[in-house]
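The structure appears right after this line, and notes come after that.
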Amino acid sequence: MLNPTQVIEMRRDPSVDGARSLTRAARQWVRSLPARLRPLSLCSSYARLANRMAAVWEDPEQTEALFDELLI
């Protein structure tokens, strides 16, 4: 799981490790979802976002904050 500093760095600089490919945590997160709900297009096109989602998925408040940020 990424720590908050890593998440902020990925948001600022897409060249940071994990911004262009899925992290181990993101791969595990995707596999944990039902097959029909796996965001495969998101993962292949926007790995940085999938990594951020995986990093906060277990924390409802952080997940909601991330979704709010993405919608604004």
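Would region 12-30 turn up any residue that is in a helix (DSSP H, G or I) and modelled with pLDDT under 65? Checked against the condition, which is being in a helix (DSSP H, G or I) and modelled with pLDDT under 65, region 12-30 yields at least one hit. Among the residues making up region 24-50, those that are of a type in the set (S, T, N, Q) and out of contact with any Phe, Trp or Tyr (no Cβ under 9 Å at 6 or more places or on another chain) are 28, 41, 44, 45. Inside region 45-57, residues that are without any contact (Cβ under 8 Å) to a residue 24 or more places away in the chain and either of a type in the set (S, T, N, Q) or in a loop (DSSP other than H, G, I, E, B) (or both) make up a count of 2. In this structure, residue 61 does not satisfy being in a helix (DSSP H, G or I) and at pLDDT below 70.
The values are calculated or read from the model by the stated rules, or taken from the named source; none is laboratory data. Source: prediction; values computed, not measured. When we count neighbours, we look across all protein chains shown, and the Cβ atoms used for this are built from the backbone with ideal geometry, even at glycine.
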